[in-house]
Structure formats: structure tokens, C-alpha cells
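Only one structure is covered here, and it is reproduced in the block below.
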Amino acid sequence: MLFCALAAGGATVPKKPPNIIFMLADDLGYNNVGIQQRQHSKNIELVTPTIDELASSGMRLDRMYSYKYCSPSRSSFLSGRLPIHVTQNNKNNDVINPGGADLRMKLLPEILKHAPSPYYTSLVGKWHVGARSKANLPINRGFDRHFGFLKGGEDHLNQTSYDEKLLFVDLWRDHGPAYGENGTFSTLLYAKEAQQIIQDHAAERPEMPLFMFLSWHATHTPLEAPPSWSVKSVPNDTKWRSRAKMNALVDPDIIDGLYRASQAGVTIELVVRGVCCLRPGISGLSDNIQVRSIVGRFLEHSRICCFGNGETLPSRTAKVFISSADWMPRNINRRVETLIPILNETVHKQILDEIMVANLRDTVNAWTLRSDGSYEHVQAENKESISAHQYFMENPSLSGRGRAIRKSKNKGKAKRKPKA
């Protein structure tokens, strides 16, 4: 963009354009850096001094859009096109699958190499822009130097990956595999390579500008850290999450099952209006369980179960059920109860996006259960208060009836023959 601005404005192209190092974090959340978290949260968990210093001393672009997947994001950056015009999926997670930037598209490094003041171009880290043929390799898409992996993810510690029932090392240098160079934590491995490229470039090409695409693998799964690091254990809640709503939770077998799920890293959010014999927030037992009770104008009796099914909630692929039973011995052992899946798309979305979200965000009638069995009233972090009961009174819904009525009416209509 800098070069285009100079050329379009008729300005004299400088002897040596600026060096460009573009660093891209992988799956880093909006508030997953210290400077952002301090602005939006009272609980500071992240320490990122270098990123914070860069943000404080440079220009921050905090109103922006980024696509939800890995491959479309980097393909869009390198091609200069929106994901809808490049790729909108991650199918090239498998090496043999199509995806990424079309070979007919010129990428940024190719353009920079042919600029009036040509750049030396390098890629370090994750590629994920297509690798089904040699023509797709970064070294053949405009990069003079490449060190990193081709797929969408791999083990941070040893650079192994799994594809077509084969376990292999996905680490490349220029035209072929980087034999014997794996075995270092990915962030450290790619940082060392980037430093080496900068040093080599200063010594060998001092008059030539450098473009480096430093494409980190962090913080993409798997959630790993160098063995020498002392890190706080954080559950992987990106794939395992459950939510449930009921009137009472008493059954000891179910409570023990929830404890085991919490110990396995499952994030569990419960809305239990009445009696709850589970104790959340106990270290080593129920760290990942949160329980709240909503006591207000209405005596609710809905029982809902939502399971992430490999995705974070809410998700269209989540498994959602409604039930007649509270989680009590009398319901489980001495009654005939029902638990039915929600297959209607509209109802599925209403339960996940409205009913459960409203209950989990209530700050008027909600109480949080502490590990000692006492309750604490939920306080709104800002001036805006949310009442689930008020929301449901003001936002009635017919769920899926509209579509169902249209279908039933259409079934009764005879098809008219077209006029000759």
C-alpha cells in the first residue's frame, strides 16, 4: 500500500523503500493481549509487554474485520482480495485438498519483487495458502526464502502433523523438507529463523528492502508451551463446552459425572433455579463449572441441555435437548421422563442464542453459587442491566411455527398446470 501511494501520487520513489515485517498471530482473540484486556476487563490474566509496547508506540488499528478461519485470512492478506473472492474454507488443512489462493492470482511477494525498487521476500512460519502441488509452495508464489509448515496446524513441540492416516513432520525449507530441523517449540523456532534472515539480509543485501511475512503458529491449537516454561494450566474450552438449565441438581451420579468432565477440561455453565448440591470452583475438582440461579417474577420449569459437539457455544452444530426432568434421583430413578433433541433450526437457534444467552447474562435476578455453598448477587459491570424475564416478556417468539404452517399449507395445494 505504501508503494502504491507513492506511485499514484507521482512522488519520487526513494532509493530504498522501508523494510516491511508483517507478523500474523494465529487464532489470537481480540482481548488476548495485555493492552486490550486492561481496557475491557478487571481480571488481567495476560502479560504481553512486547506487544503492548509496540501498540503504545505505534499506530493501533482496532476497528477492523478478520475472517473466522485461518486459510481465508492469510490468503486474503497475500492476494489483496476479500475471502469471498479467494477461499472461504479450511479444506486445504489436508495437503492433497484444494484451497487457498488460486495459482492464477498474483500474491503480494510477487508484486513486491517486481516493484521499481524490488524487495527481497521471505516467509517464516505457517503457510496454509495451498500445498497440493509444487506450484503451490511459497517458494513458487513469490517468496525468495521460506521456512515453516504448509498445513493449517501441527504439534508446536516437534512439528508433527496427521494427514490421510499418516503421521509426519510438516516442516519445509524452500523447495523441500527441512530434515532434522524440527524439535524446537514453534514460536522459538520461527523467531530464531526470522532473526537470522534479518541478519543475513543486512550483511548480503544492505541496499535492498526486505519484506518478511512472519506467520506465527501461536496461539493455534494444540495448547502447548515449551517444557522449560512455567505456565498456568488453562482448560481448552474451544472444543468442549456444555450448558444446562433446570430447577434442581441433586443426583449424586450426575454430579460426579460433571466433576469428572470439569477435571477433563470441559467448561460447564449451569442455570439451576432451586436446590443445587454441586459445588463449583473447587480447585482440582470443579474449576471449570459455573452455577447461577435466577429467581424473579416467574417460576420457570424449562430443562435444557446444550453440548458443544466439537465447537464453542453457541454453534449451529451443537447438540440441544429439552427435557421434562430435573437432575434428581426421584426423576432419574422413579419416574418416566423424556429428553428429546431439538432438530428444528429456528428453535435450535432460539434456545442457544436467546434463551440460554439471556439466562447467562442476567444481572438483575441472577445469583452466583460459590464453592462454599453460599450465593452472591450478580452485579452488572456497567450501567446496563439485563433481565432475562423482562427480555422474554418484550421479545415473544413463535419459534418454528411460521415455517411449519407454510409447509402444511403447501402440502394441501394442488399444482396448477401451466397454460399452453
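The values are calculated or read from the model by the stated rules, or taken from the named source; none is laboratory data. If you're wondering where the values come from, they're calculated on a predicted model, not measured in any experiment. For neighbour counting, all protein chains shown are included, and Cβ atoms are generated from backbone atoms with ideal geometry for every residue, glycine included.
Just a yes or no: is a residue in segment 315-331 hydroxyl-bearing (S, T, Y), part of a loop (DSSP other than H, G, I, E, B) and in contact with an Asp or Glu (Cβ under 7 Å, 6 or more places away or on another chain)? There is at least one residue in segment 315-331 that is hydroxyl-bearing (S, T, Y), part of a loop (DSSP other than H, G, I, E, B) and in contact with an Asp or Glu (Cβ under 7 Å, 6 or more places away or on another chain). Checked against (1) at pLDDT 90 or above; (2) touching a strand residue (DSSP E or B) at 6+ places or on another chain (Cβ under 7 Å), P17 passes all but condition (2). The requirement of being touching a Pro at 6+ places or on another chain (Cβ under 9 Å), loosely packed, with under 15 Cβ neighbours inside 10 Å and under 30 Å from R361 (Cβ atoms) is fulfilled somewhere in segment 262-272, by at least one residue. Of all the criteria given as (1) touching a residue at least 24 places away in the same chain (Cβ under 8 Å); (2) within 20 Å of R241 (Cα to Cα); (3) surrounded by fewer than 20 Cβ atoms within 10 Å (Cβ to Cβ), the one not satisfied by G284 is (1). In segment 348-366, of all residues being more than 17 Å from A244 (Cβ to Cβ) and more than 26 Å from the chain's Cα centre (by Cα), the one that is surrounded by the most Cβ atoms within 10 Å (Cβ to Cβ) corresponds to N365. Using the structure shown, decide if I84 is outside any loop (DSSP other than H, G, I, E, B) and modelled with pLDDT of 90 or more. So I84 fails the test. Report whether or not N247 is at pLDDT 90 or above, out of contact with any helix residue (DSSP H, G or I) (no Cβ under 6 Å at 6 or more places or on another chain) and either closer than 30 Å to L278 by Cβ or of a type outside the set (D, E) (or both). Answer is yes for this residue. Of all residues in segment 332-362, those satisfying the criterion of being closer than 16 Å to L270 by Cα and assigned to a helix (DSSP H, G or I) are I351, L352, D353, E354, I355, M356, V357, A358, N359, L360, R361. Can you name the condition, by its number, that A131 falls short on among (1) more than 17 Å from W216 (Cα to Cα); (2) among the small types (G, A, S); (3) exposed (fewer than 13 other Cβ atoms within 10 Å of the Cβ)? Status for A131: all satisfied but (3). With respect to (1) over 29 Å from the mean Cα position of the chain (by Cα); (2) surrounded by fewer than 17 Cβ atoms within 10 Å (Cβ to Cβ); (3) in contact (Cβ under 8 Å) with a residue 24 or more places away in the chain, the lone exception for V336 is condition (3). Looking across segment 294-331, just one residue is under 20 Å from V250 (Cα atoms), surrounded by 15 or more Cβ atoms within 10 Å (Cβ to Cβ) and either in contact with a His (Cβ under 6 Å, 6 or more places away or on another chain) or modelled with pLDDT under 85 (or both), and that is E300.
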